[in-house]
Structure formats: structure tokens, C-alpha cells
Amino acid sequence: MTVFETGDLAAASYLSNFLGLAVAAVLLLLGSTWVDKSLRIPVTLCALALLAAAAASFEGRLALAASGKIPVLYHYAGWIISLPLLVLALWFLAGRAGQQSVGLFWRLVIVSVLMVFARYLGEAGYMHATLAFLIGLVFWLYILGELYFGRMDEAVRLSTDELLRRGYFWLRLIVTVGWAIYPLGNFITSFGGYQDDGALSIAYNVADLLNIAIFGAALLATAILSGADGKNA
Amino acid sequence: MTVFETGDLAAASYLSNFLGLAVAAVLLLLGSTWVDKSLRIPVTLCALALLAAAAASFEGRLALAASGKIPVLYHYAGWIISLPLLVLALWFLAGRAGQQSVGLFWRLVIVSVLMVFARYLGEAGYMHATLAFLIGLVFWLYILGELYFGRMDEAVRLSTDELLRRGYFWLRLIVTVGWAIYPLGNFITSFGGYQDDGALSIAYNVADLLNIAIFGAALLATAILSGADGKNA
Amino acid sequence: MTVFETGDLAAASYLSNFLGLAVAAVLLLLGSTWVDKSLRIPVTLCALALLAAAAASFEGRLALAASGKIPVLYHYAGWIISLPLLVLALWFLAGRAGQQSVGLFWRLVIVSVLMVFARYLGEAGYMHATLAFLIGLVFWLYILGELYFGRMDEAVRLSTDELLRRGYFWLRLIVTVGWAIYPLGNFITSFGGYQDDGALSIAYNVADLLNIAIFGAALLATAILSGADGKNA
Amino acid sequence: MTVFETGDLAAASYLSNFLGLAVAAVLLLLGSTWVDKSLRIPVTLCALALLAAAAASFEGRLALAASGKIPVLYHYAGWIISLPLLVLALWFLAGRAGQQSVGLFWRLVIVSVLMVFARYLGEAGYMHATLAFLIGLVFWLYILGELYFGRMDEAVRLSTDELLRRGYFWLRLIVTVGWAIYPLGNFITSFGGYQDDGALSIAYNVADLLNIAIFGAALLATAILSGADGKNA
Amino acid sequence: MTVFETGDLAAASYLSNFLGLAVAAVLLLLGSTWVDKSLRIPVTLCALALLAAAAASFEGRLALAASGKIPVLYHYAGWIISLPLLVLALWFLAGRAGQQSVGLFWRLVIVSVLMVFARYLGEAGYMHATLAFLIGLVFWLYILGELYFGRMDEAVRLSTDELLRRGYFWLRLIVTVGWAIYPLGNFITSFGGYQDDGALSIAYNVADLLNIAIFGAALLATAILSGADGKNA
């Protein structure tokens, strides 16, 4: 095993990222027993996304210790599980404001899986890089479109639950702003001819902490507060 | 430890497969505490099948890191535990619609264990490949026969629980369509003289995600929805 | 790490044995929260026996990967924890039919620990092989005597709980028939001059699945069914 | 793997530190189910801090076994997760005495993360050592200022809950006295030209046991006692 | 990894010791949810002692596999966490019979930590062996004094709870008789010039099973039986 020296920022970001995702996963697993029954499922899905991200981060750290670098494969293996789960958590959260259609559920699953998969195929050279980048971008924009202009937004907007509306606003903001790192990173490695010397891994690690751990904590806070004046506990 | 490069699709499929099965296992373990008491057992059996499949996938990944390939031994070691558990989960699910016979329970256990075992013996060269393939095929058809024309189907068909009927329909479909990959893979390695260069492993990984993780999620959804208008929660 | 090839039956039996014992342990741990309060302890003891057996099996598998063989040490290290726990589970199960004496409890603990320990000393060459074999045999027969003709049998026989009687019958049968593999294996290595080339390990693995995993599942089934018409749930 | 000899005090402190943090984490996770609902969150946050610290300690131990020394990277990776969680636990604890502002929450998160991060940048040579030391010091003093003179202190001081007041007093004392080791260690390595030969690691390990494990136990005790005469259990 | 041969008694004792402590830890963690609320804390503390002892035993086993011997460091790292927890468990158990003083609590913590620490310093050569031995002995006698003639004994003796009195009697006996192995082992290595060739490790392993696992099981039995006719369950 390679020992990480103090100056190794990439290793530091991996260790902290792993610890942060792991404790957030434990928090949300515990939290899923605290919230209102109707909010148990979105909280659990976030917990699962955190577990998958933490495990992928741990795998990446092993690769870092073995070879001094982390192929993006390890990031994508985590994202293909965790990002769709986060999108579904929003669908279930919106479902508290009003029943959402099952068709939308399946569209979101498929689109978010394909978004990650297309980017991976591009990075791995199995698909033309520009095409893969555009597919990933379009699928991300589709998800944003559903979140801003679709039935989910409508149901939440009409909801009388002030805390649910505010939570949805912030969670959607994370998906909009925070997730921009993924196509951006995809872009600069595919077109900028950028060779990752650690900086991109650090950016991904910080972004994952925001996009998955803070997202999960925000969703849990929404669920606890929204459930407090809800039907049962 | 070998570090998996970004272009290594087989490794990517193993990592994602492991993460997907593991988080699905956690979901079903948690879910077993959410559902109606009479549905706790099928959900738990699916969770156990997922745990076994995830552990076998993890073992396979270690072998992949150590040697660059994964002998089918690792797949069969998982299937011999997980597939019978899934079949039993269907028996217990049908038991909600009407008491199923204990004789059927034992026939399903024995047939599904022997189905996997015969295929393994064929692949490992302990039994004539054609014979093993045919035994595996016949046992799979027997299970399908029970699911389509046996007492389980009858009980579910006569049930007044619309959601249970629909869930049973989809779960049976997975056993019919999704499980076809196992005799198919068995066939092409035994008779097609096919040497696995990763493609079969990828196919098995994708199939396992569908046949075990999606199967489990579908069964949990059936259990939650069916239990919601059921006796207790 | 050695990668196990597909034809390696001993490795396949170890992997399946580990997976089977591990998922059965999870099942019984969960099950201990489902059953009647008075049956929680026997179910938990079985779960602990399964945990110990699974951990010992995992250790054995590591040894197999490192050296290609598994000294019986690994089997005995597991049995010395798991077999006494199974015997005690029967004592607590019989306690549901009628209070059992504490003296019997301690006799069963000591006799079952010594049964495994004597056999181990014989196999390891610290004690004369014939003597060790006979001690192990006598102690096993003592346990069978208590199960067939002792106070436990009496209490169960007089119980009005049909399901408890039936469960006790099957569990006792496993202790009678299934456990015969242990003195048998002990005998053929000690006297037959048999050098284990894997066949004995496979036999032990299959036997452990029957004697510990199926035993546990049978005890859980007894506890769930017997508790269903019992005092509380 | 290197085996630690009996005279290796640094290794002994790492092993004990890991065991102590791990069992304290388990205690607080269990404890979070024992306390009053309004105190569940601070107890859980402490448990997460303990988990992160235990995991970082375990990583450090692996590095020690591999190379005979532990770069401070491993300490900082743990602290950047655990120290902010402890500060937030105090915010939630004070919230029991009276609603605390959300602005303060975010200030505490950001200040405590930056406190650890600045120190790390200084130690790793990415920032001028004096500047990093001073930033870390100022941020620590800011946290102490909030604890002694801010709204949190005010709310606790006015609380009628004698046990909460006493618990807050002791917890604040740990943050004042115990946390002094971190700037001190930072100071002597940055300015004293001190090369860590194990003594600093031992000091950090003992300090972590006090600052995180004893802190957690004290907070749990406060929560149990304060909750005992509280609203519900 | 070294594979342990069948004749390796020290390895066999380590494996069994680890399995025994681990399953006992699981038993007490589960048991802490079964017992009366006022007995939850002593049971949990025993569970934590078992966890720490099991983890230390596991670490020792790794050292054994790597180098063929186990420095006593590994034993002491476990004892410094587990023995104080067992003493505190007795303090909390006695607290059921009558409120115990907080001063005694802290004296017991400090004395039991120093007892182990002094012995370790003696064994590691940091302190004069005779002095360390005597300090360890005096601190052990102090604990026995508190157990036999102090306020804890008084409270238990005056208790009307017959089962609590009997449990306290047996637990105290284990601390008296079973713990004698620790100063004894300390004595013969320090003064007898004894070089551990495995026999002392085996003695420590057997003693730990008695002093920690059986102690824990006895305390759980006391808590279950005493709680059965207690206030709530």
C-alpha cells in the first residue's frame, strides 16, 4: 500500500470525500426512520445514493493507493447508480405534493442512467466524444426541464406545504448548478485534451460532497421539517 | 491490485453491478420493515438473494483484479443461493393470495438448486455438457410451468388484490424473459465453443441487475402498494 | 490471491457455503425480531451459530486461496462455537414447552464444547486418535440421549403445541443424521489414513449448510408458526 | 503487514484510539434511539463524528503498518469531517433550550471547515505557515466566542433545564481546553521545526479520545438525563 | 497470508476466541433491546467491551498470520478499552439497586484504565517491571475492594431483587478469579524470564472468553431475568 503524503491534495480529497459520503449515508439511513411515512422512500433513496457514492469513492481510493491515479471509470461506476437514485428521490418527494405519473418515473430512470452511460462511453472511447457529450447534455437538460416546467414542479408549486416548496427549490438548484461539473469535466477531458493530474478528481470529489452529501442532508432536513406538521411521524 | 482502466467495460459492469446489487439489498432489508407482516418474508428472501448476489459479484471483482478474468464459478456460486431464494419469494408472495402447499415449496427449492447445479457441473466438465444443459432447461421450464399453470398462478388469478396480480405478472415475466440469459450463456459456452473475453460477463452482470435487483424492487413495490390497502401496516 | 478456476469443486463449495451461511445468518437475525418473545432467544442463538460458521467458512476460504488447501483447524474453530450454540437453541426451544433445568443447560454447554475439542485434539495429534474419537462419539451420544429420552423430550412430548412438537422432531433428526458426518469424517482421517484432497471439505461444507443453515431455517419456521397461535407476536 | 512490537507506543495509541472511537460510535448510534426526539439529532451528529474519526484512525493505522509513520494528512482528513459535526451537535443541543438562527448554523459549518482546511494547507505547504496558523486560530476563537458570548450561550443560560446547562458547560470546556492541542500541534510542527517521531501522533490520539469520544459520551449522558424529565422518550 | 496448520493450538485459540467474542458482542447488542430500560446501559457497555475485545483479537490474529507470534501489545490495546467498560457495566448494574455516586464512577474509570496502562508500561519496558506489576495489582485490588466492601456491594446486598444479587455475585467472582490471569501473566513474563511461545497467548484467549464473553452473557442473563419481574420490558 502506498502511504499518502501530507502534500497529496488528491488523496486528501478522496479520504475526506469517502468519510463525508459514508457518514452522510449513515445519517440518512437513520433519518429514514425519523421522517413521516410518506417521506421515508425519498430519504432512503438518497441514503442508497450516498452508499453507492461512498463505496465507489472507496474503490477509487484503493486504485489511488495502488497506482497513484484514479481512472474516471471509478467515478462513473458510482454515478450510474447514485445520480438516478437522486432524481428518483425528487420524484418521490414531489409525490408528497401530488401523485406523480408512473410514466415520468420510468422516463427519469432511463434518461438519468443513459446520461451517465453516454458520458462514460464517450470518455472510454466507445462512442464519438462529441456525440456522447451532447447526449449527456441533452439528457441532463431534459431532467432540468422536468424539474422546472414539468408536472413535478406544478405539483410542488401548488402545494400548501411551504417547507416542501423551499426544499424542492434548493434541491433543484443543486441539480442545476452542482451537476454542471459533470458535463464540464466531461467536456474538458474530451475536447480540451486535458490530462487529469489530480485537479479534476479533486473537483469531482468536492462536487460529489455537494451534489450527493449536501443534497441528501437538505432532503432529510426538508423531510423532517415538512413531516413535523404533517400527518403522522 | 490491478487498477481498472477507463476503457475496461467488464470491470465497469462489475463495479456497477456490485454497487447496484448492494444498494438494492439495503433497500429491501429496510423495506422488509415497511411492509405488511404477511409480505415481510418474500421481501426478506429477495433481500437475501440480493446480498448473496452482491457478495458473489464482489468476489468476482476481486478475481478480476487479481487475474484479469472471472471464471463462471463466481457467477454460479452466487446463483445457487440467489435464484432459489427468488423462486421461494414468489411462493410466499402467492401465499398471500391463498395458502400454498408445502410440497410445492420443497419441489421449488430442489428444482431451482438442481437447475443451477446441473448447469455448473456441465460448465465445469463434470457432466456431459448437453445433458447438463438439458437438465437445466427442463428444470427452468418446470418452474415456469408452476408459475403459469400451477396452483400459485391459480391463487393469484382468483385474488381480489389487483396490485398483487399485476406485481405477480411482472415478476413472472422477469423469470421468463430475464432468466433466459442463463441457459443461453450456458449454451454458447458449452456448444458454441465460445471463449469468454468479457462480453458474457457483462451480459451476466446486466442480467443480474435486471433479474435480481429490479425483481427485488418490483417485489418491494408490490408489497408496499398491496399492503397499503391490506390488513395492517 | 489465487483465482478459483471453474472446475474447482472445493472452492465452489466454500463460496456457496459461505454465501448460504451468511444469508441464513441475516435471515435469523431479522427473524429474531419477528417471533414471539419466548422464542427470541433460540432464534438468536441459531443466528449466532450461523454467524460463527459463516466467519469460519470465510477464514477457510482465505486459506484455500492462499495455499490451495484448508486445514481442518478452520472447521473446528467454527464448530466449537456453532455446535454448542445450536444445542443450547434446542434447550431454549424446549423451554417453551416447560421450564428446563439449569443443570442440564451447563451439562449441554460443557459436553458439546468438549465433543468438538476432543475431536480437534485427536486430529491435531495432541491426544491419541482412538481415544479422541471415542470421547467425541460418547459426548454426541449423550446429547442425543438427552434429546430423545431426557427432560427436554418429555416436556416437548407433553406440549399441546403441535407445531413445536413437529419442529423439535425435525431439528432432532438433523442433530442425529446430519451431525453423523462429523465423527465419520473424524474417523476416516484418523483411522482410514485418508488424506483430504478436497472431498472431505466438500462433504463438510454441504453438511454445514444442512446442519446449521437448514437447522436455523427450520427453527425459525417453527418459531414463527408456533408463535402465530401463541401469546404475543 | 508490519507487526507492531510491544514497545511501539505510537502503534499502541493508534490501536486503542481506533477501538475507543469505534465503540464510542456504536454507543452513540445506539444512544440516538434512547434519547428524547429533540435530542436525537445532536447525538446522531456526534456518532457520525466518531465514525469519521474512527475510520480516519483506521486509515492512519494502515499507513503506520505499511511505512512506520503516519502523515498528518490522515488526521486532517478525519478532523475536516468530525470537528464541524461536533460544533453542529452543540448548535442542535442549544436548540433544545431555544430556537437557534439558521445563519449561525451556516457560519459554524463554514468556519469550522475552514479552520481545519487552513491548518491543513499550512502543514502541506500550500499556504504560508504563519498565515494558516493564524487563520486556524482566529476561526477557533470565533467558535469559542459563539459558545461563550453568542446566542447559543444565552439560550442555554436562560434555560430552566439544569442538566442541559451543566452538560453545555462541560462540552464547551472540552472545545476550549481539549481543542487547544490542534493549534498547538500545528504551531510546533510549523514553527518549532519539529519532526514528528511519534510523540505528536500519540498526543493527537489521546486528544481525539478526549475531544471526540469523551465529548460524545458526555453529550449522550446530557441527552439521556435531560430527556428523562423532558417531554417524551 | 500464512495458513494455520491443524496442529497450531495458538492459532486455533485465536480463531475461536475471535468468533466467540464476536458472536457474544452481537448477542449483547441485540440483548440491549430486550432488557428493561434501566438495564440497557450495562448490557450495552458489555457489548462494547466485547466489540473492542473481538477487534483486538482480530488484529492479533492478523499479526499471527504475518509473523507467527502476537506481541502482547495487541492484548493490552484491547484490555485498555474493554476492562474499564466491564467495570463500568457493574457500576450501572449496581445503580439499579440504588443510585451510585458519580465520584465512584470516575474513580473506577481512572483506576481501571491506569491498571491496564501501568502493566503495559511495565511489559514494554517504559517503567520498572516490579513497580508496574505492583501498581497494576494495587489498582485491581482497589476495584475488588469497591466490589466487595464499597457502596456498590451495599446497595446490591440491600436490594430485594434476588436475581440481581445472584448475578452480581457471579460477575464479581469472574472479576476476582478470572482477572487473576492478567497480573499472573504479567508476573511470569516480567520476573520469570518467560518467553511466550504461544502458551501465554492461549491462556489469555481462554481467559478473555471467560472474563469478557461469559461475563457478558451472565450480565445479559441477569438483566433479562431481573427485568422480567421489573418495571417495564
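Observations, loosely collected:
- Computed over neighbours whose Cβ is under 15 Å from that of B:LEU121, the net charge equals -2, Lys and Arg +1, Asp and Glu -1.
- Residue-level accessible surface for A:ASP197, protein heavy atoms, 1.4 Å, Å²: 130 Å²
- Equivalent ellipsoid dimensions for region D:91-182 as semi-axes, Å, which come from the Cα gyration tensor, largest first: 29, 14, 9
- Å³ per residue enclosed by the Cα convex hull of region B:84-125: 45 Å³
- Local net charge near E:PHE187, Cβ-Cβ under 12 Å (Lys/Arg +1, Asp/Glu -1): 0
- With Cα atoms, 0 to 90° folded angle of helix C:40-67 axis to chain C main axis: 10 degrees
- Region B:11-38 and region A:1-57: distance between their alpha carbon centers, rounded to Å: 16 Å
- When nucleic acids and ligands are ignored and a 1.4 Å probe is applied, B:LYS69 ends up with an accessible area of around 100 Å².
- On association of chains B and C, roughly 2200 Å² of accessible area becomes buried (total for both chains; probe 1.4 Å).
- With all protein chains in place and a 1.4 Å probe, the accessible surface of the protein assembly as shown carries 70 percent carbon and sulfur.
- Cα-based helix-to-principal-axis angle, B:215-228 vs chain B, degrees rounded to 10: 10 degrees
- Excluding ligands, DNA and RNA, the accessible surface per residue across chain D is 37 Å² with a 1.4 Å probe.
- Angle of helix E:102-124 to the longest C-alpha principal axis of chain E, folded into 0 to 90 degrees and rounded to 10: 10°.
- Global form of the protein assembly as shown, assessed from the alpha-carbon gyration tensor, a/c cut-off 1.5: rounded
- Dipole magnitude of the protein assembly as shown, debye to nearest 20 (Cβ charges: Lys/Arg +1, Asp/Glu -1, about Cα centre): 2620 debye
- Taken along its principal axes, the alpha carbon cloud of chain D reaches lengths of 53, 38, 22 Å, longest axis first.
- The charge dipole of region E:16-232, taken about the Cα centre with unit charges on the Cβ atoms of Lys, Arg (+1) and Asp, Glu (-1), comes to about 360 debye, rounded to the nearest 20.
- A dipole drawn for the protein assembly as shown from +1 and -1 charges on Cβ atoms has a positive end, and of E:ASN186, A:ALA10, E:LEU144 the residue lying farthest that way is E:LEU144.
- Between the beta carbons of A:HIS128 and C:SER67, assuming R0 = 56 Å, the FRET efficiency works out to 0.70 to the nearest 0.05.
- Kirkwood Rh in Å, taken over all unlike Cα pairs in region C:136-225: 14.6 Å
- Compared with the rule-of-thumb size 2.2 N^0.38 Å for a compact globular protein, region D:40-146 has a Cα radius of gyration ratio of 1.19.
- Span from the region D:112-178 Cα centroid across to the region A:124-191 one, whole angstrom: 37 Å
- Taking other residues whose beta carbon is less than 12 angstrom from the beta carbon of E:LEU144, and scoring Lys, Arg as +1 and Asp, Glu as -1, yields -1.
- Considering only alpha-carbon pairs that sit under 8 angstrom and 6 or more positions apart, the relative contact order computed for chain A is 27 percent.
- For E:VAL87, solvent-accessible area (1.4 Å; no DNA, RNA or ligand), Å²: 10 Å²
- Ranking by accessible area, most exposed first, for E:VAL177, E:VAL26 with a 1.4 Å probe: E:VAL177, E:VAL26
- Sites A:ALA203 and C:VAL206, calculated FRET efficiency, Cβ-Cβ separation with R0 45 Å, nearest 0.05: 0.30
- Long pairs among B:LYS37/C:LYS37; A:LYS69/D:LYS69; A:LYS37/C:LYS37, criterion Cα-Cα beyond 24 Å: A:LYS37/C:LYS37
The values are calculated or read from the model by the stated rules, or taken from the named source; none is laboratory data. Only a predicted model underlies this, so the values are computations on that prediction, with no experimental measurement involved. For neighbour counting, all protein chains shown are included, and Cβ atoms are generated from backbone atoms with ideal geometry for every residue, glycine included. Side chains included, ligands, DNA and RNA excluded: accessible areas come from the protein's heavy atoms. Shrake-Rupley method; radii C 1.70, N 1.55, O 1.52, S 1.80 Å.
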